[in-house]
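Just below is one structure, and these are the notes that go with it.
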Amino acid sequence: MEVLLLFHLLLLQLVGEIICHLLIWRIFAIPFPLLLGKRHHRWGIPTNDGWAWTSRKGSTHGNEPRFKSHRAWSRGAHQASGRDQLILCQLVTEYAKYANRCVKRLSQNPPSLSRPRFLPVLNGERTNLVHLEEHKLASPTPRPLRRGDHHHPLPRRGRLLQLAAAAFGLLLIALLVLLPAAPPWEHTTAPASLLRAAVAAHPSPASYARPCADHLALSLHRLRAALSSLESGDVPAALHLASGSLQYQYDCSHLLSLPTFRSHALTSRFLDSLAPQTLNAALKPPSTAAAFPARIRPNATVCKPNSGVEPCGYSTVQAAVDAAPNYTAGHLVIAVAAEITFENSAGAGAHQAVAFRSDSDRSVLENVEFRGHQDTLYAHTMRQFYRRCHIIGTVDFIFGNAAAVFEECVIKTVPRAEGAQKRARNVVAASGRIDPGQTTGFVFVNCTVDGNKEFVELFRTKPQSYRLYLGRPWKEYARTLYVSCYLGTVVRPEGWLPWRGDFALRTLYYGEFDSRGPGANHTARVEWSSQTPEQHVKHFSTENFIQGHQWIAY
């Protein structure tokens with residue numbers, strides 16, 4: 001950091017010296033005619049009574065001095081006269097404190113200039129020194145130009161180069177002043193240092209209104225938890241927490257149409273620094289046992305009134321969620337005494353209508369039904385596990401940017417609001433993964449994907465009008481995988497649907513492994529999808545993708 005600042009200071013000093021050279025010598029010393037308001041003029045000699053205008057032979061009367069050529073501006077000083085040296089000294093030092101003494105010294109013993117190459121040569125002749133006492137005129141007014149006098153403009157290219165050099169130097173100085181030096185974390189690659197820098201650069205939630213303030217507060221909480229997990233050695237948890245924080249930061253900046261925050265870039269660098277290593281870590285063997293955190297005692301129980309369940313603290317899930325404390329360090333378990341359904345009854349005509357949204361880390365939902373149309377289940381962030389659930393919808397009815405595993409779930413699509421006379425292109429999953437380092441995506445294991453009875457009947461009458469796709473890329477790095485799933489007849493042979501044009505087609509990952517059923521047409525799939533090899537499927541198991549063996553009791 002100190003070396004960089006010293007380099008900036010040295011560079012600034014060097015540029016300043018160059019600019020002074022250009023401005024003083026190139027602009028003030030060379031173009032005397034331009035400064036005096038004439039392109040062709042007589043040389044003024046300072047006298048006791050004012051300025052005396054002399055000819056090229058040293059007389060105050062006669063012809064005007066003429067420049068030999070434009071090249072005379074850049075020739076050597078051995079051709080410059082003592083009178084010209086006197087003029088230069090007077091022009092440069094007329095505002096100096098010792099100007100009179102300088103003129104007297106030059107009159108007695110004219111020295112050679114240190115930089116005389118900028119003086120013109122007058123017709124190639126040497127001019128005798130004109131003593132001040134020999135030329136005293138009452139009026140300094142110069143004689144106007146006569147017929148036969150010629151204009152000799154200064155070289156245009158030389159002036160342009162001088163001005164361009166000066167402008168470039170000033171621009172460089174402005175950049176050095178305006179552009180701050182790179183902060184120390186910009187050059188670090190240590191994961192812990194990147195996380196600390198992201199926390200330090202994170203915007204304050206108090207500076208924004210809701211809901212952006214809520215997003216940033218949760219983002220900052222996730223970042224600090226990620227740093228704590230990293231320092232304790234739990235790298236996968238740190239990656240999941242940082243992935244969630246990145247999503248909250250994106251939500252805020254996207255909501256307000258702001259540039260990405262500085263902490264966004266630092267969080268992304270942290271994810272990129274560790275995600276490839278974690279992906280290749282030792283893999284855990286998959287498990288097929290039933291899952292429910294039975295060893296964890298519930299913090300709240302939801303049941304119907306007069307159901308006889310003891311203890312029963314809440315009659316609705318929303319009441320239990322509202323009563324839960326914010327930012328708990330461990331599990332917060334809400335036990336439901338009976339099977340539960342989350343439904344958005346706004347209808348298909350309401351378009352986007354979320355029935356259930358989850359931002360909780362390490363959540364388990366088993367034997368739960370989610371009913372809606374567009375955007376039914378919003379798996380927003382963090383690690384989520386769904387087992388033996390029923391999910392019903394039309395367009396993108398499973399969406400978000402969580403690391404979610406759906407195991408043995410039944411996923412069915414229903415007709416859209418347009419009715420039987422309209423076409424329907426329904427989509428199951430819309431992954432919102434925004435960064436290649438995020439540990440997020442949707443994994444469907446041993447699930448059933450099909451249409452409900454009404455949709456299947458419409459499909460049989462108009463198979464080209466009623467279509468179901470496995471997914472489409474909501475964001476640039478979408479990731480979705482189907483493992484050993486049954487795909488019904490309503491699933492299109494191409495399998496996947498683009499979002500818009502070729503958006504995200506080169507950066508997404510859409511894969512299948514061991515799909516079966518009438519909709520499992522491997523040969524007709526779009527070219528930007530994959531048939532995932534078996535060795536890669538292990539990375540997306542419940543144990544390796546969301547570390548379920550640590551928090552799900554089998």
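The values are calculated or read from the model by the stated rules, or taken from the named source; none is laboratory data. Computed from a predicted structure; not experimentally measured. Cβ: placed from backbone, ideal geometry, glycine included. Neighbour counts: every protein chain shown. When the accessible area is computed, the model is the full protein with side chains, heavy atoms only, and any ligands, DNA or RNA have been set aside. Shrake-Rupley method; radii C 1.70, N 1.55, O 1.52, S 1.80 Å.
Here is how the numbers come out for the structure above:
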quantity: In sequence order, calculated HN-Hα J values of the range 474-487 (Karplus, 6.51, -1.76, 1.60; Hz; x Gly/Pro); calculated: 6, 10, 5, 10, 4, 9, 9, 9, 10, 10, 6, 9, 8, 10
quantity: Span from the the range 231-253 Cα centroid across to the the range 453-520 one, whole angstrom; calculated: 29
quantity: For the range 209-221, Karplus couplings with θ = phi - 60° (6.51, -1.76, 1.60), whole Hz, Gly/Pro x; calculated: 8, 6, x, 5, 4, 5, 4, 5, 5, 5, 4, 5, 4
quantity: Placed amide H near residue 427: partners under 5 Å, 5+ positions off or other chain; calculated: 395, 396, 397, 469
quantity: Neighbourhood charge, 14 Å Cβ-Cβ cut-off, centred on residue 498 and excluding it, Lys, Arg +1 and Asp, Glu -1; calculated: +3
quantity: Loop-resident sites, the range 355-448, for trypsin sites (Lys or Arg not before Pro), counting at most 12 other Cβ within 10 Å (DSSP); calculated: 422, 423
quantity: Protein accessible area in the range 301-550, 1.4 Å probe - carbon and sulfur %; calculated: 46
quantity: Residue pairs, from the table 462/538; 412/538; 475/538; 453/475; 453/538, whose Cα atoms sit over 30 Å apart; calculated: 462/538; 453/475; 453/538
quantity: Calculated FRET efficiency for the pair residue 454/residue 550, C-beta based, R₀ 41 Å, to 0.05; calculated: 0.45
quantity: Of all accessible heavy-atom area on the range 207-262, the percent that carbon and sulfur account for (1.4 Å); calculated: 53
